[in-house]
Amino acid sequence: MTLRYRDILQKAWPVVLANASVPLLGLSDTAVIGNLGALSDLGAIAFGSVIFSFVYWGFGVLRTGTTGFVAQAVGARDETEVRAAFIRALIMAVLIGVLLILIQSAISSVSLSLLQGSDAVETITRDYIATRIWGAPAALVLFIPVTRL
């Protein structure tokens, strides 16, 4: 079986889209606040975007770890194992997302102590994190490779 560039691109675009989704959300938030908000709002969105990009990057293992298992199962034409790998990764992504929601206060405190913004920026950043953290399970689910035999 010979893979052509078109075949590779067809398989790769979901991964590229998933990789771009986290920074693009921060970019869109920055664009909206940059046109409507105050300078402290813009700083808070920038801080929040950096924090979420860093936190989500730490869980890239959901993508890289699962890809190997899925690739092996696809190579063996074992559809049951492809589904099992997906379900295991799905459960991990949701559980990690819920854990991030539960420890959001610690994430805010540690991150803001490292970034050292003004009081106004830190207050708004905490609100931004408290709002955006609810999307963590869905964002982490996007990291899971999906394929079909």
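The values are calculated or read from the model by the stated rules, or taken from the named source; none is laboratory data. In this text, all values refer to a predicted model and were calculated from it rather than measured experimentally. Reconstructed Cβ throughout: ideal geometry from the backbone, glycine too, with neighbour counts over all protein chains shown.
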Could you check, for the stretch 126-138, whether at least one of its residues is within 25 Å of Leu24 (Cβ to Cβ), surrounded by fewer than 18 Cβ atoms within 10 Å (Cβ to Cβ) and aromatic (Phe, Trp, Tyr)?
yes
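Table: residues versus (1) over 27 Å from Leu27 (Cα atoms); (2) at pLDDT 90 or above; (3) small (Gly, Ala, Ser).
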| site | (1), (2), (3) |
| --- | --- |
| Val55 | no, yes, no |
| Asp78 | yes, no, no |
| Gly97 | no, yes, yes |
| Leu102 | no, yes, no |
| Gln116 | no, no, no |
| Ile124 | no, yes, no |
| Phe143 | no, no, no |
Just give me the residues in the stretch 36-60 being assigned to a loop (DSSP other than H, G, I, E, B) and within 18 Å of Ala130 (Cβ to Cβ), in sequence order.
Gly37
Meets criteria (surrounded by 14 or more Cβ atoms within 10 Å (Cβ to Cβ), without any contact (Cβ under 8 Å) to a residue 40 or more places away in the chain and of a type outside the set (Lys, Arg)) for Leu42
yes
The conditions are (1) out of contact with any Asp or Glu (no Cβ under 9 Å at 6 or more places or on another chain); (2) within 15 Å of Ala46 (Cα to Cα); (3) surrounded by 14 or more Cβ atoms within 10 Å (Cβ to Cβ), and Ser118 fails exactly one of them. Which is it?
(3)
Is it the case that some residue within the stretch 112-122 is without any contact (Cβ under 8 Å) to a residue 40 or more places away in the chain, among the acidic types (Asp, Glu) and part of a loop (DSSP other than H, G, I, E, B)?
no
Is it true that some residue in the stretch 66-80 is in contact with a Ser or Thr (Cβ under 8 Å, 6 or more places away or on another chain), in contact (Cβ under 8 Å) with a residue 40 or more places away in the chain and not small (Gly, Ala, Ser)?
yes
Qualifying position, being within 21 Å of Val146 (Cβ to Cβ), assigned to a helix (DSSP H, G or I) and modelled with pLDDT of 90 or more, among Arg88, Arg63
Arg88
Just for the stretch 45-100: of the residues that are surrounded by fewer than 18 Cβ atoms within 10 Å (Cβ to Cβ) and among the polar types (S, T, N, Q), which one is farthest from the chain's Cα centre (by Cα)?
Thr80
